[in-house]
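Let me begin by presenting the structure, written as structure tokens, before commenting on it.
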Amino acid sequence: MSVDFRMLSGALAALLSVSLIGCGPATKTDAPPVSIEDAEASTGGEAAHSHAETYPAAVAELDGMRAAIETAFAANDTSAADGPIHEVGHVLEELVGMAKKAELGDEAVTAIEGAVEKLFDSFTAVDDKIHGREGKDYSDVKAEVDAAFDVLRQYLPKQE
């Protein structure tokens with residue numbers, strides 16, 4: 001499993017922010033305290049995100065994000081791909097749990113875990129490239145992404 005350095009850097013930034021508390025002069029404010037959820041929602045944080053709650057809906061959501069990323073790269077607009085790439089990570093983090101909840105079976109869950117790992121690796125490489133680090137263009141990972149999506153689609157309910 002790969003390490004998401006963006007998450008680690010965010011955690012480090014939070015830790016540094018916490019360590020600086022108390023370094024400045026104390027100020028009194030009449031403003032009421034704000035909940036974490038309200039703060040995140042007002043700044044576009046995690047609480048502002050809502051994603052699919054079932055395996056089939058999550059696969060459909062991921063497929064839409066994949067299409068947006070592919071379209072952005074085809075138009076040479078990597079900034080348009082950045083948001084969907086980050087959102088992909090949020091959905092992938094929950095996908096295996098959704099598969100277990102849907103009681104797809106051990107074999108399916110194992111296959112889905114492998115596909116999720118490949119998708120994390122592929123989209124992390126693309127995200128690295130977007131942010132000027134050593135990475136890959138979407139065209140370099142497209143075949144891997146498509147193969148992983150084929151695995152995810154195998155475990156969708158059959159349409160009658």
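With respect to Lys136, is the statement that it is over 17 Å from the mean Cα position of the chain (by Cα) and either part of a loop (DSSP other than H, G, I, E, B) or of a type outside the set (Asp, Glu) (or both) true?
On the way: over 17 Å from the mean Cα position of the chain (by Cα): yes; either part of a loop (DSSP other than H, G, I, E, B) or of a type outside the set (Asp, Glu) (or both): yes.
Criteria met by Lys136.
Suppose we keep only residues that are assigned to a loop (DSSP other than H, G, I, E, B) and either under 16 Å from Phe120 (Cβ atoms) or touching a helix residue (DSSP H, G or I) at 6+ places or on another chain (Cβ under 8 Å) (or both) within region 47-82. Which one would you say is modelled with the highest pLDDT? So that I can check it myself, show each step before the final result.
At the first step, the residues of region 47-82 found to be assigned to a loop (DSSP other than H, G, I, E, B) are 49-54, 75-77.
This time we only want the ones that are either under 16 Å from Phe120 (Cβ atoms) or touching a helix residue (DSSP H, G or I) at 6+ places or on another chain (Cβ under 8 Å) (or both), so: 49, 51-54.
On the way: His49: 59, His51: 86, Ala52: 93, Glu53: 93, Thr54: 96.
Residue satisfying both the conditions and the ranking: Thr54.
Could you please let me know if Phe120 is among the aromatic types (Phe, Trp, Tyr) and touching a Ser or Thr at 6+ places or on another chain (Cβ under 9 Å)?
Numbers: among the aromatic types (Phe, Trp, Tyr): yes; touching a Ser or Thr at 6+ places or on another chain (Cβ under 9 Å): yes.
Criteria met by Phe120.
The values are calculated or read from the model by the stated rules, or taken from the named source; none is laboratory data. Quantities reported herein were computed from a predicted structural model and do not represent experimental measurements. Quick reminder, even Gly has a Cβ in these numbers, built from the backbone with ideal geometry, and neighbours come from all protein chains shown.
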